[in-house]
Amino acid sequence: MLTSICGINWGDEGKGKMVDLLSEEYDIVCRYQGGNNAGHTVINERGKFILNLLPSGILREEVVNVLGAGMVVDIKHLAEEMGRLREKGVKISPQNLKISDKAVITMPYHVLLDCLEEERLADKKFGSTRRGIAPVYADKFMKKAFRMGELFNTELLYARAKEIVEWKNLTVVGGYDHAPISVEEVVEYFKTYGEPLKEYICDTGLYLNEANKAGKKIMFEAQLGALRDIDYGIYPYTSSSSTIAAYAPIGAGVPNLKLDKSIGVMKAYSTCVGEGPFTAEYFGEKAEELRAAGGEYGAATGRPRRVGPFDVVASSYGIRCQGADEVVLTKLDILSVYEEIEVCVAYELDGEIIHEFPYPDVLNRCKPVLETVKGWHCDISKCRNKEELPQEALDYIAFIEKACECNITYVAVGAERDAVVKLK
Ligand code: GDP
């Protein structure tokens, strides 16, 4: 059984919480793309955890966690993240954590180049998380990156390091007029942070295939959402990897296997971190009210998120990209602040009403077409079954289900693990 859990929107939909909850039924949780540029927040009986690289299943002792081939791994950040979790009593060993030998290593100079480029762009900046993600994926496709498996052949690794540092300095020094990076610091970095990880590195494709044959249930956990996908998102305001479900088996290491189910996680309103068009955006007091109600500040960066009403146009597109068989609607409780709830049901583009998500370049000319539906205006955070939800909340869910032509199976009504209502 292979299931993917992916974001329908711009990210921060609450995927971490749903993986934490649903992973109870799974044996393996696997991250298949991205790096430490986003944060999953998971709150359960053991406390509050922010996970940037480790799959959310790490908080369940019986679950095996995999960092797949499609990931970029900042090995220093990983060491620190593992340390923080261990301090809170989470057990991490090669038995419950496996890192793909084909995953790419994010180096300190990738972070440096990310920062130098954002500074160069100044007010034209993209809003990068400055974690080196774009530079490391660029190097991967230039075939000038280091992969986890190379840590086992240090002779070759150090020889390549020499060549790559020479090449990298053409940009660091020549392009940005920054002090050069040295081979010694790169080698030292591998020794300090790479060596201790060696016992976790393996062919995760082989491991996952064997597990699948043995009937184990595997969950693929995405980072960010469909609208941040490198190909299908709002390019160039995207991440640098494939966030969509169809990529999960490839990024995990099992391109030969097919997904059985795609679960899309979709927020009951819209949020977006960073630059780029965001059609349904609220501003001023309206934005402040929703941001405060939802606690919309980035888990990885602390940045205030941009907020707006639920966007039917963008979400329908996200559902299509993710091939979502089921949808989980999260943070419904946040909308309890409203007597009436706005929904963006279409866009107006140059005087014309459109329902299909357009090519990103014209998004800046799109204006939201809003419809108002009745709110429930009471606390729903204690609701645990469908019958306890107010009729207006059920109507809101039905409205979105119809507008987006999707199948909403769960709604989340709070940050805690059990704060969900199973609808079907
Ligand atoms: P992810 O990256 O998709 O996992 O999302 P984030 O972790 O960045 O953001 C989701 C935030 O909302 C986290 O702080 C969660 O604890 C919280 N959260 C998730 N679902 C709900 C919900 O239904 N209600 C409320 N109030 N908070 C939620």
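Bear in mind these aren't lab numbers, they're just calculated from the coordinates by the rules spelled out. Not measured: the values here are computed from a predicted model. No Cβ is skipped: glycine too gets one built from the backbone with ideal geometry, and neighbour counts run over all protein chains shown.
Just to be sure I understand: with springs between alpha-carbon atoms less than 10 Å apart, which residue in Ala246, Ala211, Ala314 has the highest mean-square fluctuation in the Gaussian network model of the chain? Comparing Ala246, Ala211, Ala314 in a Gaussian network model of the chain, the most mobile one is Ala211. For the pair Glu185 and Ala159, the difference between a 0.36 nm per residue extended length and the Cα-Cα distance amounts to 8.0 nm. Derived scalar couplings between HN and Hα for region 158-164 equal 5, 5, 5, 4, 4, 5, 6 Hz in order, rounded to whole Hz, by the Karplus curve 6.51 cos²θ - 1.76 cosθ + 1.60 (θ = phi - 60°), x for Gly and Pro. Converting phi to 3J(HN,Hα) with the Karplus coefficients 6.51, -1.76 and 1.60 and the offset θ = phi - 60°, region 68-74 yields x, 5, x, 8, 10, 10, 7 Hz in sequence order, with x at every glycine or proline.
Per residue, the chain reaches -8500 deg cm²/dmol at 222 nm when only DSSP H runs of four or more residues are counted, each adding -39500 (n - 2.57). Could you give the angle, 0 to 90 degrees to the nearest 10, between helix 204-213's Cα long axis and the longest principal axis of the Cα atoms of the chain? Tilt relative to the chain: about 50 degrees.
When Rg and the Kirkwood radius Rh are both evaluated on Cα atoms of region 300-392, their ratio Rg/Rh stands at 1.02.
Seen against the Cα atoms of the chain and their longest principal axis, helix 284-294 is set at about 70 degrees.
Ranked from largest, the principal axis spans of the Cα set of region 53-133 equal 47, 28, 17 Å.
Measuring how big the chain is from its alpha-carbon positions, Rg and Dmax come out at 21.6, 67 Å. Given the C-alpha centroids of region 112-149 and region 191-269, what is the distance between them in whole angstrom? The two parts, judged by their Cα centres, are 20 Å apart. Checking the table Lys76/Lys140; Lys162/Lys191; Lys124/Lys144; Lys76/Lys144 against a 24 Å threshold on Cα-Cα, which pairs fail? Table pairs above 24 Å Cα-Cα are Lys124/Lys144.
The slack between Leu206 and Glu61, meaning 0.36 nm per residue of separation minus the straight C-alpha distance, is 50.0 nm.
Database remark: amide H of Asn65 closer than 5 angstrom to the amide H of Val29, Leu97, Lys98 (H placed geometrically; neighbours at sequence offset of 5 or more, or on other chains; Pro and chain starts carry no H).
In order along region 410-424, phi translates into HN-Hα couplings of 9, 10, 9, 10, x, 6, 5, 3, 8, 7, 9, 10, 7, 8, 9 Hz, rounded to whole numbers, per the Karplus curve 6.51 cos²θ - 1.76 cosθ + 1.60 with θ = phi - 60° and x for Gly and Pro. With the simple model of a label 7 Å out from the Cα in the direction of the Cβ, Tyr235 to Arg84 spans 3.3 nm. In loop segments of region 224-286 as defined by DSSP, the trypsin sites (Lys or Arg not before Pro) with at most 12 further C-beta atoms inside 10 Å of their C-beta are Lys258. Summarising the strand pairing of the chain, around 40 percent of its internal DSSP beta bridges are antiparallel.
Structure note, pairs Lys286/Lys374; Lys213/Lys422; Lys17/Lys217; Lys88/Lys213; Lys48/Lys213; Lys15/Lys91: Cα-Cα distances above 28 angstrom occur for Lys213/Lys422; Lys88/Lys213; Lys48/Lys213.
Pairwise alpha-carbon distances in region 266-422 exceed 29 Å for 14% of all pairs. With respect to the chain, whose longest principal axis is taken over its alpha-carbon atoms, helix 133-142 is tilted by about 60°. Rg and Dmax over the alpha-carbon atoms of region 1-146 stand at 15.8, 47 Å. The mean sequence separation of alpha-carbon pairs under 8 Å and at least six residues apart, normalised by the residue count of the chain, gives a relative contact order of 20 percent.
Restriction of the trypsin sites (Lys or Arg not before Pro) in region 291-398 to DSSP coil positions whose beta-carbon has at most 10 other beta-carbons within 10 angstrom yields Lys382. Applying the criteria of a DSSP loop state and at most 13 other Cβ atoms within 10 Å to the GluC sites (Glu not before Pro) of region 61-155 yields Glu61, Glu62. On full extension, the segment bounded by His377 and Asp123 gains 87.4 nm, given 0.36 nm per residue less the C-alpha separation.
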